[in-house]
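Taking it in order: structure first as structure tokens, then the write-up.
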Amino acid sequence: MAIARALVYRPRMLLLDEPLANLDAKLRVQMREEIRRIQKTLGIMTLYVTHDQEEAMSVSDRIGVFDRGRLRQFGAPEHIYANPNSLFVADFIGKANFLDVSLLSVGKDGARVGVPGMGEITLTRTCELESDEAAGIAPGHGIVNVRPEHLRLQTTDHPGIEGRIVRVQFLGSFVRYIVECGLSRRDLIIDSVRSVPGLGEGESARLTFDPAEAILFHPAGAR
């Protein structure tokens with residue numbers, strides 16, 4: 001109703017501040033699709049403020065991610081999701097896994113890191129951290145960011161990073177595995193299109209990922 005009243009005046013711009021905050025989950029999805037349809041149909045520039053990352057990605061042509069009043073990154077949703085420029089953005093937009101790895105070398109063509117269970121691998125996608133985030137990384141180490149859909153779960157007869165399955169969640173179109181891992185300060189999230197045979201809650205498992213799908217975050221000056 002409030003949007004309809006605003007549109008009567010034919011504004012050149014709409015400002016929507018948490019417009020769906022008090023709606024239940026199903027109605028939120030319906031309304032964000034309707035807002036997007038109205039905005040596209042009428043061609044009105046819209047500034048949409050929300051703390052819901054999924055909502056932001058679904059309605060936006062461009063996203064600005066703010067951290068304590070500072071703009072950390074601005075761009076298309078798919079670009080920010082795939083190419084975050086800081087640990088904060090990687091963690092805020094979508095779900096993220098962070099692995100603590102040994103940093104062997106960094107050069108113009110990428111970085112060489114040591115990953116227990118995977119050996120030495122080369123990562124071509126790297127990002128130098130600002131001092132506030134680099135302060136939490138031990139000397140000689142880096143943080144590898146891998147999205148849940150890019151981590152692969154295997155049984156222990158395969159090589160890979162050691163882990164233990166804490167929980168298995170069937171979410172309709174995919175299965176989510178929550179995994180404890182010594183390389184991460186928090187449980188990892190793995191989204192699989194189907195259940196992995198032989199792996200259930202409490203089972204040991206092995207994790208791998210394609211280096212091309214991972215991003216290394218490292219302190220400035222690492223060589």
| What residues have an amide H closer than 5 Å to that of Val115, excluding those fewer than 5 places away on the same chain, when H is modeled at 1.01 Å from N in the peptide plane? | Glu120, Ile121
| task | Could you pull the Cα extents of the chain along its three principal axes, largest to smallest, in whole Å? | result | 63, 44, 25
| request: Grab the beta carbon distance between Ala220 and Asp187, set R0 = 30 Å, and tell me the FRET efficiency rounded to 0.05. | output: 0.55
| said: At 222 nm, what value in deg cm²/dmol follows for the chain if DSSP H runs of at least 4 each add -39500 (n - 2.57) and the sum is divided by all its residues, to the nearest 500? | reply: -6000 deg cm²/dmol
| How much length is gained on full extension from Arg194 to Asp52, taking 0.36 nm per residue of separation minus their Cα-Cα distance? | 48.4 nm
| field | Peptides 148-159, 164-175 ordered by average Cβ neighbours within 10 Å, highest first | value | 148-159, 164-175
| To the nearest 20 debye, what is the magnitude of the charge dipole of region 97-218 about its Cα centre, counting +1 on the Cβ of each Lys and Arg and -1 on the Cβ of each Asp and Glu? | 240 debye
| request: Could you work out how far apart the two model spin labels at Glu162 and Phe74 are, taking each label as a point 7 Å from the Cα in the direction of the beta carbon, and quote it in nm? | output: 4.8 nm
| field | Percentage of interatomic Cα-Cα distances in region 122-184 larger than 16 Å | value | 62 percent
| query | Quick one: helix 25-42 against the long Cα principal axis of the chain, what's the angle to the nearest 10°, folded into 0 to 90? | reply | 60 degrees
| Estimated D of region 97-218 in µm² per second, where Rh is the Kirkwood radius over Cα pairs and Stokes-Einstein applies at 25 °C, 0.890 mPa s | 165 µm²/s
| said: What does the charge count around Pro148 come to, taking other residues whose C-beta lies under 12 Å from its C-beta (Lys +1, Arg +1, Asp -1, Glu -1)? | reply: 0
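Read-outs: derived from the displayed coordinates by stated rules, not from any lab. Because the structure is a prediction, the values reported are computed rather than measured. Note that we place each Cβ from the backbone using ideal geometry, even for glycine, and neighbour counts take in every protein chain shown.
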